Amino acid sequence: MAAHQEKKLAEERKHQNMQNDTKTSQGQWGRAWEVDWFSLASILFLLMFAPLIVYYFIMSCDQYQCSLTDPLLDLLTGNKHLSDIWNRTPMLTYRAAAIYSLWVSFQVFLYVSIPDFCHKFLPGYVGGAQEGAVTPAGVVNKYEINGLQAWIISHVLWFANAYCFHFFSPTIIFDNWIPLLWCANILGYAVSTFAIIKGYFFPTNAKDCKITGNFFYDYMMGIEFNPRIGKWFDFKLFFNGRPGIVAWTLINLSFAAKQQELHGEVTNSMILVNVLQGIYVLDFFWNEAWYLKTIDICHDHFGWYLGWGDCVWLPYLYTLQGLYLVYHPVQLRTDYAMGVLMLGLLGYYIFRMTNHQKDLFRRTNGNCRIWGKKPEYIECSYMSVDGTKYYSKLMTSGFWGWARHFNYTGDLMGSLAYCLACGFEHLLPYFYIIYMTILLTHRCIRDEHRCSSKYGKDWKCYTAVVPYRLLPGVF
């Protein structure tokens, strides 16, 4: 009897140790196991106010010519009541619901039904079936990379309609912008709610799930690492890359068409915004296979943060510059416009070349040349849930020797260029650079916290060699 009890206790201790090992290993990736009060407060704030922030920005343009202060002044002075503003807000329409449903369904069809063919005739483009990074449970998911193809097909059809078929006006997105906002919110909340239900009851891989027991945190940050339906439909890749980012350039084109309709011309500032943001979007799809190794895919779980954020926050707040220029057309001096263009292109060059250096380094396992020299690096090790030991190399030369996240520095330079294209009359178009600075700084800290847990003392060696995060000599 005593021997049996000792054996039972030993098995329980072994099981508990295995659970602790799993938590330790999984703690190296993704979000937290436990929720502190600050994280919970931040999440409750975002859940309550992020949708209101989006509404406030869009309403300010629709009713107050993009002034962020006039709505508050009206409310504080009693000139308007909340009901007055709300009653002037366009509601959900059948037309908007049909447009949005058709758009999302079309993107799902392009994603799951048409294997990529672009990689067969575009030199240097990597598409088709690709493998992602190792998940915390040691799984390597496969993806069908066809985002560039979806973007090309969508835009070919858009221009074919604009110049040949005339089934709908190119201003259709702007004309239904607020009703489409309600559609985007419905999809964002629906997919986020489905994701948490799926994570609780029928996850794709139970070992790649994290459940804190705090509903709000789990709903916001997600339970499943890679929720999937079938072999290829990956929620994280689809909603991160489509439908919002494919629509980004179409939204800007619709804004340009509306500016032409209202003011009789498309200003050089609108052209700048379309070109610079178009380069960013095309870069995303050209390097979609590389995107599988980024923080969004490799570390974030899929919850409201990504589900609602990709459906609502991204298409509505990342396009504020184009929306602003519909209401306030700005014709820039040639020298100023060229300066903005150069800033945007330089930012893109830094962003792309920094990421290219890391991608080249990874693909060749360090057997390459960066700036004419063999790259320097620090070798690190980490463990997966199943106890398998993996090795990784962190580059300390090229742009990655200047700062640990120098690609974000280039991204911020490009973001600033979008805003500067709008002049200085209003604060609204500058929300983007303010938000991106906060987002990327926070992402630096999040990423480094994970890396510190994942690599341990090896990470300390790396930060000693590359001491700055974003700006060499400053931060």
Do any residues in the stretch 387-402 that are within 16 Å of A133 (Cα to Cα) and polar (S, T, N, Q) have Cβ atoms under 6 Å from those of residues that are modelled with pLDDT of 75 or more and surrounded by 18 or more Cβ atoms within 10 Å (Cβ to Cβ), where the two are at least six apart or on different chains, and which pairs are they? S392/C380
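Residue-wise test of (1) of a type in the set (S, T, N, Q); (2) touching a Pro at 6+ places or on another chain (Cβ under 6 Å).
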{"position": "D234", "(1), (2)": "no, no"}
{"position": "L237", "(1), (2)": "no, no"}
{"position": "N240", "(1), (2)": "yes, no"}
{"position": "N252", "(1), (2)": "yes, no"}
{"position": "Q260", "(1), (2)": "yes, no"}
{"position": "T267", "(1), (2)": "yes, yes"}
{"position": "G278", "(1), (2)": "no, no"}
{"position": "V281", "(1), (2)": "no, no"}
{"position": "C298", "(1), (2)": "no, no"}
Taking the stretch 192-211, which residues are open to solvent by 10 Å² or more (accessible area, probe 1.4 Å), within 30 Å of N87 (Cβ to Cβ) and in contact (Cβ under 8 Å) with a residue 60 or more places away in the chain? none
Matching residues in the stretch 437-475 (in contact with a Lys or Arg (Cβ under 6 Å, 6 or more places away or on another chain) and either basic (K, R) or not in a helix (DSSP H, G or I) (or both)) number 3
Hits in the stretch 417-475 - residues which are free of Cβ contacts under 8 Å to residues at least 40 places away in the same chain and under 30 Å from N268 (Cα atoms): F424, Y430, I433, I434, M436, T437, I438, L439, L440
What number goes with the only condition from (1) exposed (fewer than 15 other Cβ atoms within 10 Å of the Cβ); (2) farther than 23 Å from F284 by Cβ; (3) not β-branched (V, I, T) that N214 does not pass? (1)
Consider G199 against the criteria (1) under 30 Å from I53 (Cα atoms); (2) modelled with pLDDT of 95 or more; (3) touching an Asp or Glu at 6+ places or on another chain (Cβ under 7 Å): it satisfies all of them except one. Which criterion is unmet? (2)
When you scan the stretch 213-231, do you find a residue that is of a type outside the set (D, E), within 15 Å of Y318 (Cα to Cα) and touching a residue at least 40 places away in the same chain (Cβ under 8 Å), even just one? no
If we only count helices (runs of 4 or more DSSP H) wholly inside the stretch 78-189, which ones have 3 or more residues that are over 22 Å from F57 (Cβ atoms) and open to solvent by 40 Å² or more (accessible area, probe 1.4 Å)? 94-113, 147-160
Residue in the stretch 381-390 that is modelled with pLDDT of 85 or more, open to solvent by less than 60 Å² (accessible area, probe 1.4 Å) and not aromatic (F, W, Y) present: no
Criterion: at positive phi and open to solvent by less than 10 Å² (accessible area, probe 1.4 Å) - qualifying residue of G230, G222: G222
Scan the stretch 132-162 for residues that are at pLDDT 95 or above and hydroxyl-bearing (S, T, Y) and report the count. 1
Only one of L122, L110 is at pLDDT 95 or above and in the same structural domain as F168 (by the TED database), namely L110
Of the listed residues (Y349, Y316, Y418, Y324), the one being open to solvent by 60 Å² or more (accessible area, probe 1.4 Å), modelled with pLDDT of 95 or more and within 27 Å of the chain's Cα centre (by Cα) is Y349
Got a number for residues in the stretch 360-380 being in a strand (DSSP E or B), modelled with pLDDT of 90 or more and open to solvent by 50 Å² or more (accessible area, probe 1.4 Å)? 2
Just one of the numbered conditions (1) open to solvent by less than 10 Å² (accessible area, probe 1.4 Å); (2) closer than 28 Å to N205 by Cα is not true of R443; which one? (1)
Among (1) over 30 Å from D62 (Cβ atoms); (2) under 13 Å from the mean Cα position of the chain (by Cα), where does C311 come up short? (1)
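The values are calculated or read from the model by the stated rules, or taken from the named source; none is laboratory data. This is a predicted model, so every value here is computed, not measured. Heads up, the Cβs are rebuilt from the backbone with ideal geometry, glycines too, and the neighbour counts pull from every protein chain shown. Heads up: the accessible areas ignore ligands, DNA and RNA and are worked out on the full protein's heavy atoms, side chains in. Shrake-Rupley method; radii C 1.70, N 1.55, O 1.52, S 1.80 Å.
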